[in-house]
1. Taking the stretch A:1-51 as the region of interest, how many residues are without any contact (Cβ under 8 Å) to a residue 60 or more places away in the chain and over 30 Å from residue A:212 (Cβ atoms)?
2. Test residue B:33 against the criterion of being farther than 18 Å from residue B:147 by Cα and either away from chain A (no Cβ under 14 Å) or under 17 Å from the mean Cα position of the chain (by Cα) (or both), and give yes or no.
3. Applying the selection to the stretch A:39-61, what residues are under 15 Å from residue A:228 (Cα atoms) and not in a loop (DSSP other than H, G, I, E, B)?
4. Working carefully through the options B:19, B:14, find the one that is within 22 Å of residue B:131 (Cβ to Cβ) and within 14 Å of chain A (Cβ to nearest Cβ).
5. Starting from residues that are in contact with a helix residue (DSSP H, G or I) (Cβ under 7 Å, 6 or more places away or on another chain) and part of a loop (DSSP other than H, G, I, E, B), keep the ones in the stretch A:75-103 and report whichever is nearest to residue A:224 (Cα to Cα).
6. Looking for something touching a helix residue (DSSP H, G or I) at 6+ places or on another chain (Cβ under 6 Å), farther than 14 Å from residue A:102 by Cα and surrounded by fewer than 20 Cβ atoms within 10 Å (Cβ to Cβ) - is there at least one such residue anywhere in the stretch A:52-65?
7. Based on this model, can you work out whether residue A:157 counts as outside any strand (DSSP E or B), within 14 Å of chain B (Cβ to nearest Cβ) and buried (at least 20 other Cβ atoms within 10 Å of the Cβ)?
8. When only residues in the stretch A:1-11 that are part of a loop (DSSP other than H, G, I, E, B) and at the interface with chain B (Cβ under 9 Å from one of its Cβ atoms) count, which is surrounded by the fewest Cβ atoms within 10 Å (Cβ to Cβ)?
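Coordinate-derived values only; no laboratory data. Computed from a predicted model, the values in this text were never measured in an experiment. Counting neighbours? That spans all protein chains shown, and the Cβs are built from the backbone with ideal geometry, glycine included.
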């Protein structure tokens with residue numbers, strides 16, 4: 001039986017009750033890092049480099065490299081793009097490497113890569129494909145790691161975790177931890193995915209800077225079959241393809 | 001408008017996104033520390049001393065002092081009682097001080113006392129009275145701090161947080177953070193409180209040591225009007241009355 005586990009916030013080795021990831025991890029930052037990362041790949045990008053901090057990202061600045069990310073929802077100084085999937089749709093990124101650094105999603109990905117064997121970026125837009133890929137790769141445990149917002153639980157991520165859990169329990173027999181039970185409960189409470197996304201604190205912050213179109217885009221479920229998977233490192237950067 | 005906030009796990013000053021408690025905190029460890037603490041007061045105890053570690057608790061050992069607590073669900077060496085409310089019902093504790101140390105609840109209480117102004121121990125059994133007391137004491141923010149189980153989110157605590165939120169939003173106009181929205185969602189999904197409690201990992205551990213009667217007892221909602229409130233410190237111990 002597959003163990004299905006939902007971590008509602010990233011916890012590092014120094015935190016009480018840290019449990020290493022034994023196997024496969026689905027990293028979720030629905031608003032917006034994992035949604036945006038997916039969009040760059042859909043728009044032709046060759047590779048994604050996820051960087052834990054701005055310095056690591058800026059060090060990659062070069063011809064043919066796109067720097068994308070946010071602090072307080074907006075593009076940091078010296079970056080080419082923000083963290084907006086709608087903005088990423090405006091052009092193609094064929095044969096380009098996109099280097100991303102965001103406040104929550106890239107930190108969650110780094111936590112997952114510390115101990116996990118297979119790391120996948122998941123969002124509502126690729127939920128079904130990401131769950132299928134996790135099922136294919138995992139042998140004992142599938143963990144969903146929610147990025148949250150600045151260290152606080154995010155309704156949008158817990159909802160997405162619930163959608164992923166729902167797919168996974170339809171594919172294979174799973175034991176559910178308390179986090180997975182809570183995520184499934186939240187999933188079942190909302191008929192329209194736009195509702196939990198819109199009610200989240202993350203949505204409020206995004207709307208405050210006029211990017212609310214990103215929220216409706218992020219709420220579209222299973223529109224994409226692309227699944228970003230961790231393939232290695234370049235210094236502190238995590239490479240996904 | 002009152003800010004209503006649910007922290008699904010204790011976070012200290014060293015953790016990402018730590019937010020100090022601005023005002024009133026309801027500490028929840030339904031299985032079992034806050035349920036048991038309440039029971040000791042109902043059975044006549046004068047004061048509760050909550051200790052973050054066993055050494056602090058053992059240092060209070062003396063005539064007329066009752067040591068109660070658990071590690072791995074069972075009484076630690078040198079303790080008079082475990083962390084079982086059913087066991088606490090077996091006798092009176094009139095004029096006695098009960099010194100408690102448990103794995104999760106006493107740590108959560110310590111986190112709350114670091115920054116909060118008014119700290120209340122809440123469980124399903126005193127949910128209505130605890131919510132009323134919080135409403136009475138708070139001027140700007142009511143936080144529900146869930147103890148969780150060894151650093152992982154607990155279904156039983158998030159459910160209890162939802163019950164407390166439901167009472168609070170019926171008493172006063174509140175803004176809800178994502179944690180409060182998730183807790184309310186979980187609350188509304190279960191008609192019978194015994195269901196989420198029984199499905200929790202904490203319940204599994206308690207059942208494994210033959211104490212499942214504690215779970216049904218902890219699931220009885222608003223049976224008590226006693227509300228343990230933080231009144232001061234004695235060394236590392238937090239005194240509740």
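1. Qualifying residue count, the stretch A:1-51: 6.
2. Details: farther than 18 Å from residue B:147 by Cα: no; either away from chain A (no Cβ under 14 Å) or under 17 Å from the mean Cα position of the chain (by Cα) (or both): yes.
Taking the combined requirement at face value, the residue does not satisfy it.
3. A:39, A:40, A:41, A:42, A:47, A:48, A:49, A:50
4. Being within 22 Å of residue B:131 (Cβ to Cβ) and within 14 Å of chain A (Cβ to nearest Cβ) holds for just one of B:19, B:14, which is B:19.
5. Checked the stretch A:75-103; the qualifying residue nearest to residue A:224 (Cα to Cα) is A:89.
6. Residues of the stretch A:52-65 touching a helix residue (DSSP H, G or I) at 6+ places or on another chain (Cβ under 6 Å): A:52.
Imposing the further condition that a residue be farther than 14 Å from residue A:102 by Cα reduces the set to none.
Taking every residue of the stretch A:52-65 in turn, none turns out to be touching a helix residue (DSSP H, G or I) at 6+ places or on another chain (Cβ under 6 Å), farther than 14 Å from residue A:102 by Cα and surrounded by fewer than 20 Cβ atoms within 10 Å (Cβ to Cβ).
7. Numbers: outside any strand (DSSP E or B): yes; within 14 Å of chain B (Cβ to nearest Cβ): yes; buried (at least 20 other Cβ atoms within 10 Å of the Cβ): yes.
The answer is yes for residue A:157.
8. Among residues in the stretch A:1-11 that are part of a loop (DSSP other than H, G, I, E, B) and at the interface with chain B (Cβ under 9 Å from one of its Cβ atoms), the one surrounded by the fewest Cβ atoms within 10 Å (Cβ to Cβ) is A:11.
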